[in-house]
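Some notes on the structure that comes next.
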Amino acid sequence: MSYFQPEFTARSAAVRVRFAPGVRREVAAELDRLGLTRALVLSTPPQSDSAMAIAEDLGSRAAGVFSRAAMHTPVAVTEEAMAHVAEIGADCVVAVGGGSTIGLGKAIAYRTDLPQIVVPTTYAGSEATPILGQTENGVKTTLSDAKVQPEVILYDAELVATLPLAMTVTSALNAIAHAAEALYAQDRNPLSTALAVEGMRAFASALPRVLEAPDDLAARGETLYGAWLCGTVLGQVGMALHHKLCHTLGGSFDLPHAETHAIVLPHAIAYNAAAVPDLLAPVARIFGGTEPGAALHAFATRAGAPLALRDLGLSEADLDRAADLAVTKPYWNPAPVNRDGIRALLDAAWGGRAPGT
Ligand code: NAD
């Protein structure tokens, strides 16, 4: 199958990417290559051991460790970290963790243009994008800026092997969501489509192997490879209904990021498959079946993913407001976004039913 398009505009970022089990021990070599000598190592509180281990490897090149990164990049936490950056005279940040830690590194880079070396430990894909979401006074705003794009990414399968299985599954579906929406993005191009298809294939092949043997480094490595491809696609093209629904549910109802993506994805894709069946055909081919939404729902069910928004604490009474918010300032979408259709979609996702039932 060819992804050729007769006309397109594409963009890609100059990012250095290294893949290898144990490659986290190469952070020092990467700093030397860039002439950097005073790194601030970042993590969330539960991953402070990983941050400390990297700081130890860095020796005198580690100027400090800041282990208070939090979900949705609160500006108050960034300001605390910025004070630390100034105090120790950091000349770069090293982020070890998932999207929350990487978000903090990006927020610092946005304010200082310091280089970022990122060691991702989930599949969310933030490391591969110039996008930063920040939260202040309960409001999340998103921006895109070249300064935000990390310069070096070190993908280490050994680190992701500690990701608990429940989060492994939801984070994988979060990554797959970037690729699935990239297939119909208005600004898609042959490269973004090829990356998206290969990213989904990597997860379809490797996730079941990871679930059988969570320490299988070859399988973990292939899922990280999928995360890199899906994250790269997220940085290249625009997202649509699925991401809008997840931002609404996360922002206004405080639902958890990866779990919400996992539950909503089959429903959003089924909704759009009615409008662009040919563009979404690779989803059905990769995950097995004839209907893209049903194929994703079956894959998520086999992987043991959460299936119902009600299990995340969303009440049935919230569905009307969620539908109202989701159709307000909608993102561009291949299928018309109408309130009744979105309300029905949310109802099926809330109850954990298969898409369209
Ligand atoms: P996360 O970074 O919030 O991690 C969730 C929890 O899992 C944290 O406590 C973390 O410390 C822990 N954890 C992470 N990796 C682990 C591992 N290997 N072993 C054990 N524990 C581990 O979760 P996430 O889903 O990666 O990131 C979500 C955030 O990232 C959201 O705020 C989202 O908006 C943002 N995000 C941004 C982009 C972007 O391009 N800007 C892309 C994707 C996600």
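One decimal place: the segment Arg33-Ala317 gains 96.7 nm when fully extended, by the rule 0.36 nm per residue minus the C-alpha distance. Less than 5 angstrom separates the built amide H of Ala62 from those of Ala39, all sequence-distant by 5 or more or on a different chain. With everything on Cα atoms, drop me the angle between helix 48-58 and the longest principal axis of the chain, reported from 0 to 90° to the nearest 10. That helix lies at roughly 40 degrees to the long axis.
Against the chain, whose longest principal axis comes from its Cα atoms, helix 99-112 is set at around 60 degrees. Extension gain for the segment Arg18 to Thr290, taken as residue separation times 0.36 nm less the Cα-Cα distance, is 94.3 nm to one decimal. For segment 249-264, the Karplus equation 6.51 cos²θ - 1.76 cosθ + 1.60, evaluated at θ = phi - 60°, returns couplings of 5, x, x, 9, 10, 6, 7, x, 4, 5, 4, 5, 4, 4, 6, 6 Hz by residue, with Gly and Pro reported as x. From the largest down, the chain spans 59, 44, 43 angstrom on the principal axes of its Cα atoms.
Estimated from the Cβ-Cβ distance and a Förster radius of 25 angstrom, the FRET efficiency linking Ala213 and Asp57 is about 0.35. Residues in segment 307-324 carry Karplus couplings, in order, of 10, 10, 4, 5, 6, 8, x, 6, 8, 4, 5, 7, 5, 5, 5, 4, 5, 4 Hz; the curve used is 6.51 cos²θ - 1.76 cosθ + 1.60 with θ = phi - 60°, and Gly or Pro positions show x.
Set the Förster distance to 30 Å, then compute FRET efficiency between Asp324 and Val276 from the Cβ-Cβ distance, nearest 0.05. Result of the calculation: an efficiency of 0.75. Under 5 Å between amide hydrogens, built in the peptide plane, is the criterion, and for Thr44 it picks out Ala69 among residues at least 5 positions away or on other chains.
Annotation: lysines with alpha-carbon distance below 19 angstrom to Lys329 (same-chain offsets under eight excluded): Lys140, Lys244. Rounded to the nearest 20, the Cβ-based charge dipole of segment 165-351 about its Cα centre (Lys and Arg +1, Asp and Glu -1) stands at 280 debye.
Under 5 Å from the amide H of Ala124 lie the amide H atoms of Gly99, each residue being 5 or more positions distant or on a separate chain, with H modelled from the backbone and absent for Pro and chain starts. Only one residue of Trp228, Ala185, Leu255 has its Cα farthest out toward the positive end of the dipole of the chain, where Lys and Arg carry +1 and Asp and Glu -1 on Cβ, and that residue is Ala185.
State log₁₀ I(q)/I(0) for segment 165-351 at q = 0.18 Å⁻¹ as given by the Debye formula over alpha-carbon point scatterers of equal weight, solvent excluded. The computed values of log10 I(q)/I(0) come out as -1.17. If I fit a long axis through the Cα atoms of helix 292-302 and take the longest principal axis of the Cα atoms of the chain, what angle between them do I get, 0 to 90°, rounded to 10? That helix lies at roughly 60 degrees to the long axis. Computed from backbone phi, the HN-Hα couplings of segment 230-242 come to 5, x, 4, 5, 4, x, 9, 10, x, 9, 10, 3, 4 Hz, rounded to whole numbers (Karplus: 6.51 cos²θ - 1.76 cosθ + 1.60, θ = phi - 60°; Gly and Pro given as x).
Taken together, the values in this text are just the output of simple stated rules run on the coordinates, not laboratory data. Bear in mind that the values here come from a model prediction, so they are computed numbers and not experimental data. So basically every Cβ, Gly included, is an ideal-geometry build from the backbone, and we count neighbours across all protein chains shown.
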